[in-house]
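Enquirer: For reference, the structure I am asking about is given below.
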Amino acid sequence: MLIAGLGVAGSVLAVYLLATGNALRAMAWPLVVVAVGQVALGVGLFLRTDPQVARLQEGQAESARMAKVNRSFRPIFAAEKVGGAA
C-alpha cells in the first residue's frame, strides 16, 4: 500500500498545483499520470499478494509431502540393487 499511498500523495500535490496556479503547475499533469500508475500498481500488488503467498505455502507443504514419498522409495531401490533387479 506504500506505492498506492505515494500515488495518492502525488495526486494531492497535482491538485494543489493546479488549484493555486503555482508557477510549477506544468508538472501537475505528469504527476497525475505517474500517480495513477502508482495507485494501480499498489492496488494490484495488494490484491495479488495474499493469494500468491497462499499458493507458495501450499507448494511448500506439497514439497514436504513429496520428500517423504521419495524417502519411502529408498529401501525399495536398495532391495532392487541387492536382488539384481535393477
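Taken together, the values in this text are just the output of simple stated rules run on the coordinates, not laboratory data. These numbers come from a predicted model, not from an experiment. Ideal geometry is used to build each Cβ from the backbone, glycine not excepted, and the neighbour counts take in all protein chains shown.
Each row is one residue, and each column tells you yes or no for (1) free of Cβ contacts under 8 Å to residues at least 24 places away in the same chain; (2) surrounded by 12 or more Cβ atoms within 10 Å (Cβ to Cβ).
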{"position": "18", "(1), (2)": "yes, yes"}
{"position": "21", "(1), (2)": "yes, no"}
{"position": "26", "(1), (2)": "yes, no"}
{"position": "38", "(1), (2)": "no, yes"}
{"position": "41", "(1), (2)": "no, yes"}
{"position": "56", "(1), (2)": "yes, no"}
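Enquirer: Hey, another quick one. Mind listing whichever residues of region 43-54 are over 30 Å from residue 14 (Cβ atoms), surrounded by 10 or more Cβ atoms within 10 Å (Cβ to Cβ) and of a type outside the set (A, V, I, L, M)?
Expert: 52
Enquirer: For residue 56, are the conditions met, namely being under 27 Å from the mean Cα position of the chain (by Cα) and either small (Gly, Ala, Ser) or assigned to a helix (DSSP H, G or I) (or both)?
Expert: Criteria met by residue 56.
Enquirer: Somewhere in region 24-46, is a residue farther than 26 Å from residue 1 by Cβ and part of a helix (DSSP H, G or I)?
Expert: Yes, because at least one residue in region 24-46 is farther than 26 Å from residue 1 by Cβ and part of a helix (DSSP H, G or I).
Enquirer: Continuing with this model, one more query. Return the pair list, or none, for Cβ contacts closer than 7 Å from residues in region 64-86 that are of a type in the set (A, V, I, L, M) to residues that are surrounded by 10 or more Cβ atoms within 10 Å (Cβ to Cβ), at least 6 apart or on different chains.
Expert: Qualifying pairs under 7 Å: 86/80.
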